[in-house]
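Student: I'd like to ask some things about the structure below.
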Amino acid sequence: MMSSLGPLADGGRVVIIGGGPGGVGCALALQQLAAQAGRRVQITVLENKQFAGEQHHNLCAGVLSPPLPELLEERLAVPFPHHLRQELITGYVLHTAGAQIVLDDAQHPSVALRRVQFDGYMLETARQRGIAVSQARAVDVEFHADRVVVYSDSAPLEGDVVVGAFGMDEGSAAFFGRTTGYRPPLALSSIVTKYHPGPEGMARFGSRIHAFLPNCIAIEFGAVTPKGTHLTINIAGQHVDADVMRTFLTCPEMQATLPDLHQACQYDPNDLRFFKSRFRRSLARRYYGDRYVMVGDAAGLVRAFKGKGVTSAVLTGIRAAETVMQVGISERAFAGHYAAANRDITGDLNYGRGVRLLVIWTARCGLLDPVVRAAYTNDAVRRALFGAVSGHDPYRLVLSRIFRPRSMAAVVRALVK
């Protein structure tokens, strides 16, 4: 075992808790960097879920957008799994209480797929490349001067450093909190369901995601995403629940978008069963220290209002691996290199919160409709809406576009009309 906290040396060991995109991205990057440096590194990924056979499910909407394909292929030499694609997303339709607008970007399409299949593909890639994968749940962690001990429900593991890629898992967050002072990020609640409208219904719906900013205090946003043979419907807010979802499904905007929703059981008796999940909206506290670092959702390193969680998970996993292999495994190394590398995410968090609060306030005041109508003729407002809905642009840029004098004048004109 390494007694120093410098870069991972020959024979070093890394334990990664979580076999999702962040954990596997980190493992693959560690393997590549070790080979380039001529070092032998033992990497073990702990993942208790069984992705193969789809025995477990991920409630993520499963929309993978640029630059994820390039990130996988250029940084990890992993072919993007186009064979798993259920739908090619060509744009968005944004709905407010009294207006709607089509926001297309044919140059940067996204891919809709089943997250459990994508996670299984990534984890199997790691196995094929010789990375050890243990199907076990981590239950506790101990930090010593010269090592980390990770206890699982299978067997204990020792390493020089541990990577937390456990997403929203409360058990892992709890034992890291006891030993390090880590506190997980704040989160919004989400209700998810699905609906099979049949082949003709899917053809009518098309290949765009419909995003909703309803005039409802409980709902911050909703979305309907085409997924090949069915539609995934989700809403998010501080306290959304089944009753709020039922209200959303019957609101005028949804009835206009899915007029045959009342026939949900016509094609699949399991339609409109509700599932609850959460997603991060803030940065975690103490997400790195001596011999440990968190990536992706566990660190809260996601966009504050529109997640792009898979891309952020893979990217932060790669950055954590670079810090471990090139700089060190101390709190100082993670603060100086890992945190600095993620400033493109953390530096935009306050702007993302600003967009979130602005959307909530304007929706409750009935001011979103004029903003959408202004986008019919003002390109800056239109691009701001697309950047906010798609998550492609930094929120700093979204806000700068919406608060330009010409943009504000266009909104005021739409409001007066």
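The values are calculated or read from the model by the stated rules, or taken from the named source; none is laboratory data. Here the structure is a predicted model, which is why all the values come from computation and not from measurement. In this analysis, Cβ positions are derived from the backbone assuming ideal geometry, glycine residues included, and neighbour counts consider all displayed protein chains.
Student: Exactly one of (1) assigned to a strand (DSSP E or B); (2) of a type in the set (A, V, I, L, M); (3) closer than 30 Å to L30 by Cβ; (4) at pLDDT below 95 is unmet by M168. Its number?
Tutor: Evaluating M168 over (1) assigned to a strand (DSSP E or B); (2) of a type in the set (A, V, I, L, M); (3) closer than 30 Å to L30 by Cβ; (4) at pLDDT below 95 leaves (1) as the failure.
Student: L357 passes all but one of (1) in a helix (DSSP H, G or I); (2) buried (at least 17 other Cβ atoms within 10 Å of the Cβ); which number fails?
Tutor: Against the list (1) in a helix (DSSP H, G or I); (2) buried (at least 17 other Cβ atoms within 10 Å of the Cβ), L357 comes up short only on (2).
Student: Taking the stretch 231-243, which residues are surrounded by 19 or more Cβ atoms within 10 Å (Cβ to Cβ) and touching a residue at least 40 places away in the same chain (Cβ under 8 Å)?
Tutor: T232, I233, N234, I235, A236, G237, V240
Student: Can you find a residue in the stretch 84-98 that is assigned to a helix (DSSP H, G or I), more than 29 Å from F274 (Cβ to Cβ) and touching a residue at least 24 places away in the same chain (Cβ under 8 Å)?
Tutor: Scanning the stretch 84-98 turns up no residue that is assigned to a helix (DSSP H, G or I), more than 29 Å from F274 (Cβ to Cβ) and touching a residue at least 24 places away in the same chain (Cβ under 8 Å).
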